[in-house]
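The values are calculated or read from the model by the stated rules, or taken from the named source; none is laboratory data. In this text the structure is predicted, and so the values were computed from the model without any measurement. Heads up, the Cβs are rebuilt from the backbone with ideal geometry, glycines too, and the neighbour counts pull from every protein chain shown.
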């Protein structure tokens, strides 16, 4: 199914991963391995599956070289226009959109989060957007990820589920407010909204997938208003609220400077299906299929677990004749010795696993060395980690280039860069 004839996709993949700093303190979030692929590969593959052959991708400057190689390295046929953001800049998604303002030429702009893993076809959300002549159409999903019941490696911190108050009247999006932005115990609905919509349902169990189809004029407004930094937290609440503004007549022609949202609305087009005298309308498409945003450690851990289904061995990897693998992803240039047993493991490129090693239910990134006689269970090992001989490493996260000496025992620990994070003693 091709939906790309008039829709231009922009993938927002420059996030620093503030909710998963245990992993992103040493590796760009968009490059974290999920199911044997870099995280940003998943939304790109979803776009290709839906008929898109090119996309703008916004990433941190340190990740550009790797992201540029993704199509060739992982068999995508998409042309990527990779735009970078300095790692020193704290920029939101609206700020990122301004960086590519001169590249936005589509009638509609498809904004996709770089951490989205989605099985849904885009036909439903695109058809709804076109049928309703919507200013903005958001993709929502049933929230199925229970953070409290996902046991992750590392410490025993609690991960709080973030909720939104999402008002829906059928598929009409009437309200969008983050729970954290509600200062009082009651959610107040304006008289104007009640008169326009009547009754509607406020949902707290829906996930905002951070996938939006927007009219080009709406993106122009976002680019113009530099007070807006985040699309989800700032832009959406404004445009959902302002749709209930009354139409006071068409704008006068001329070269007057645009300053307000109403100045950007393409009124002739917006009025096409508008029988309620609203300025424009916003809609939401709710999918029943799996949809996850990998924006915290539990989501990262969950997706890696569910996506490992069968062995996928890169032809450039070397496996001993007596190596036993089940449900594993093995990348290029890995060396796995004889008498090893790997079950539900993702191995990044350049890893070396020596004899008599047992690894289960773990995510192992690039250039990791695990020496003979070691057991690794339920762990995340970052780039360059070295595990000595006859070690036991369980339910732990090890940061970039950390090492465990021969005979070391690590259980339920975080072993990260001491300059950035906490130090953890190893029980020898």
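Quick notes
- Evaluating residue 35 against the criteria (1) under 30 Å from residue 310 (Cα atoms); (2) at pLDDT below 95; (3) surrounded by fewer than 17 Cβ atoms within 10 Å (Cβ to Cβ) leaves one unmet condition, (3).
- Meets criteria (in a strand (DSSP E or B) and either touching a strand residue (DSSP E or B) at 6+ places or on another chain (Cβ under 8 Å) or crowded, with 16+ Cβ neighbours inside 10 Å (or both)) for residue 67: no
- Complete set of residues in segment 357-405 that are more than 24 Å from residue 324 (Cα to Cα) and in a loop (DSSP other than H, G, I, E, B): 399, 400, 401, 402, 405
- Count of residues meeting criterion [over 28 Å from the mean Cα position of the chain (by Cα) and surrounded by 23 or more Cβ atoms within 10 Å (Cβ to Cβ)] in segment 325-341: 1
- Subset of segment 31-44 [assigned to a helix (DSSP H, G or I) and in contact with a helix residue (DSSP H, G or I) (Cβ under 8 Å, 6 or more places away or on another chain)]: 31, 41, 44
- For segment 85-127, filtering for residues that are without any contact (Cβ under 8 Å) to a residue 60 or more places away in the chain and buried (at least 16 other Cβ atoms within 10 Å of the Cβ) leaves 1.
- Selection count, segment 1-30, where residues are within 11 Å of the chain's Cα centre (by Cα) and in a helix (DSSP H, G or I): 2
- Qualifying residue in segment 401-411 (condition: under 26 Å from residue 292 (Cβ atoms) and either buried (at least 21 other Cβ atoms within 10 Å of the Cβ) or assigned by TED's automatic domain parsing to the domain that holds residue 21 (or both)): no
- Strands (runs of 3 or more DSSP E) contained entirely in segment 78-163, each with at least 1 residues that are more than 26 Å from residue 177 (Cβ to Cβ) and touching a helix residue (DSSP H, G or I) at 6+ places or on another chain (Cβ under 8 Å): 79-85
- Scanning segment 373-388 for residues that are surrounded by fewer than 23 Cβ atoms within 10 Å (Cβ to Cβ) and either more than 15 Å from residue 337 (Cα to Cα) or in contact (Cβ under 8 Å) with a residue 24 or more places away in the chain (or both) yields 377, 378, 383, 384, 386, 388.
- Filtered residues of segment 314-340 (kept if closer than 17 Å to residue 368 by Cβ and part of a strand (DSSP E or B)): 318, 319, 325, 329, 330, 335, 336
- Residue among 385, 357 that is over 30 Å from the mean Cα position of the chain (by Cα), at pLDDT 95 or above and not assigned by TED's automatic domain parsing to the domain that holds residue 31: 357
- Any chance residue 244 is farther than 30 Å from residue 117 by Cβ, touching a strand residue (DSSP E or B) at 6+ places or on another chain (Cβ under 7 Å) and either modelled with pLDDT of 90 or more or surrounded by 13 or more Cβ atoms within 10 Å (Cβ to Cβ) (or both): yes
- Whichever residue in segment 341-351 is part of a strand (DSSP E or B) and free of Cβ contacts under 8 Å to residues at least 60 places away in the same chain and, among such residues, is nearest to residue 362 (Cα to Cα): 345
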